[in-house]
Amino acid sequence: MSGPFTYPETVPAMHAHLRERLKDVVPDFELKLKAEVAVEVNRLKREKNAIILGHNYMEPALFHSVPDYTGDSLYLARVSAKAQAQTIVFCGVKFMAETAKSLNPTRKVLLPSAKGGCSLAESITAAEVRELKALYPGVPSVTYVNCYQEVKAEVDYVCTSGNAEEVVKHILAQGHRKIIFLPDEYLAANVARQTGMAIVYPERNGKLSKAAEPAGAEKVMIGWRGRCEVHDKFTVGDVTNARKQFPDVLVLAHPECSPDVVKASDYAGSTTQMIKFVEEMKSGRYLLLTECTMGDNIASRNPQREMIRLCSVRCPHMNEISLEETLESLRHDRYEITVDEDVRLRSMTSLERMLAIG
Ligand code: 13P
Ligand code: SF4
């Protein structure tokens, strides 16, 4: 997590800046074109009193040339809550921009793509959360931040991959023995394992019904069958094969990967926690089981670490956000994010708990 950053203001200086970071991953003619766009983005940013927040999954040229702050969902939510600029351009996906708008409602929040979805956010609706809560009355509920604001308005806590374990431990410390954890099946299972909880998934046969709980289970997590379409691609076989091919490799997994993949890896954490892990090591070879752009972003800042490159595991939603779309977003004030005020107010307690824990 980092920022605030400043960037060169002329095209030749920006070109040199990008070349220094990206000469091993992007051809020079492309860097020259990107430098022209980036300089204009930064000029408009000043003119319009805007800041840009860049998620760790942004394409390398964008990541290294325009964001005032870069980081994971939790860090960017914290930055957006305190942002003073009139406009926040969120280079990430829609649920992140909605979180920013909810935390700082007097700012204009722009998402550079009209799409910017997320398979996890699409996996659950507010009506389904209400149905689940009616099935388990009085059970505290947590949602992963990767969902839309209407869902956040229905639960007691929001968490990110950066503080999911802490949020669950915080609830258990209050004496609760059951927790509803939505919507990511794998994140829930990974956190259940870390906190010694059994996990069950309610079944839907027309209407939702309770799942049988393992006999003698002291603490039970009630999950949901949402998955990240990107992290779902990694298998234990991929990890085994990579270790055979690169015997000295350290494997890092995002906790949206399946519990078996996480178990087969050397470390699991949020995108920023993975970056920190690599940066705190002096050297070595790493494979990141996450959205593939991040490997390039780390490699460009840490030439002495060897990142094993993936380029086919790209999030189609993050991929919607480019430097060019960011320029159009600033030029035309698009696409403005709005959140219904009633929904926003109902989501504030759970969001504030997310910012406070971990
Ligand atoms: P982080 O909060 O770890 O940045 O993850 C966000 C995300 O969407 C991962 O796929
Ligand atoms: Fe959603 Fe997965 Fe893309 Fe992250 S990587 S934004 S969880 S689809």
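The values are calculated or read from the model by the stated rules, or taken from the named source; none is laboratory data. The shown structure was predicted, so the numbers you read here are calculated from the model rather than taken from an experiment. Note that we place each Cβ from the backbone using ideal geometry, even for glycine, and neighbour counts take in every protein chain shown.
So the values come out like this:
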{"quantity": "Of all residues making up the stretch 253-262, the number that are buried (at least 22 other Cβ atoms within 10 Å of the Cβ) and not in a helix (DSSP H, G or I)", "calculated": "5"}
{"quantity": "Set ALA38, ALA97, ALA13: member being small (Gly, Ala, Ser), surrounded by 24 or more Cβ atoms within 10 Å (Cβ to Cβ) and over 28 Å from SER161 (Cβ atoms)", "calculated": "ALA38"}
{"quantity": "Single residue of the stretch 278-329 satisfying the filter (more than 16 Å from ligand 1 (Cβ to nearest atom) and among the aliphatic types (A, V, I, L, M)) that is farthest from LEU252 (Cα to Cα)", "calculated": "LEU327"}
{"quantity": "Segments classed as strands (runs of 3 or more DSSP E), wholly inside the stretch 141-199, with at least 2 members that are modelled with pLDDT of 95 or more and away from ligand 2 (no atom under 16 Å from the Cβ)", "calculated": "141-144, 178-182"}
{"quantity": "Cβ pairs under 6 Å, 6+ apart, first in the stretch 211-233 and of a type outside the set (D, E, K, R), second part of a strand (DSSP E or B) and within 12 Å of ligand 1 (Cβ to nearest atom)", "calculated": "GLY226/ASP184"}
{"quantity": "Residue that is of a type outside the set (Ser, Thr, Tyr) and out of contact with any Leu (no Cβ under 6 Å at 6 or more places or on another chain), where the choices are PRO27, PRO60", "calculated": "PRO27"}
{"quantity": "Residue among LEU345, LEU355, LEU351 that alone is surrounded by 18 or more Cβ atoms within 10 Å (Cβ to Cβ), among the hydrophobic types (A, V, I, L, M, F, W, C) and either more than 16 Å from ligand 2 (Cβ to nearest atom) or within 30 Å of ASP248 (Cα to Cα) (or both)", "calculated": "LEU351"}
{"quantity": "Helices (runs of 4 or more DSSP H) enclosed by the stretch 1-84 - at least 1 residues per element that are basic (Lys, Arg)", "calculated": "11-22, 28-47, 73-82"}
{"quantity": "Subset of the stretch 205-233 [part of a strand (DSSP E or B) and in contact with a helix residue (DSSP H, G or I) (Cβ under 9 Å, 6 or more places away or on another chain)]", "calculated": "LYS207, LEU208, SER209, VAL220, MET221, ILE222, GLY226"}
{"quantity": "Residue match in the stretch 142-153 (condition: surrounded by fewer than 16 Cβ atoms within 10 Å (Cβ to Cβ) and more than 16 Å from ligand 1 (Cβ to nearest atom))", "calculated": "no"}
{"quantity": "Residue list for the stretch 285-304, restricted to those being in a loop (DSSP other than H, G, I, E, B) and modelled with pLDDT of 90 or more", "calculated": "THR290, GLU291, CYS292"}
{"quantity": "Residue, nearest to LEU252 (Cα to Cα), within the stretch 158-184, restricted to residues that are among the charged types (D, E, K, R) and over 16 Å from the mean Cα position of the chain (by Cα)", "calculated": "GLU166"}
{"quantity": "Candidate set: the stretch 100-136, residues that are free of Cβ contacts under 8 Å to residues at least 40 places away in the same chain and over 30 Å from ARG177 (Cα atoms); chosen: the one surrounded by the fewest Cβ atoms within 10 Å (Cβ to Cβ)", "calculated": "THR106"}
{"quantity": "Matching residues in the stretch 128-182 - criterion: being within 19 Å of ILE199 (Cα to Cα) and of a type in the set (Gly, Ala, Ser)", "calculated": "ALA134, GLY138, SER141, SER161, ALA164, ALA173, GLY175"}
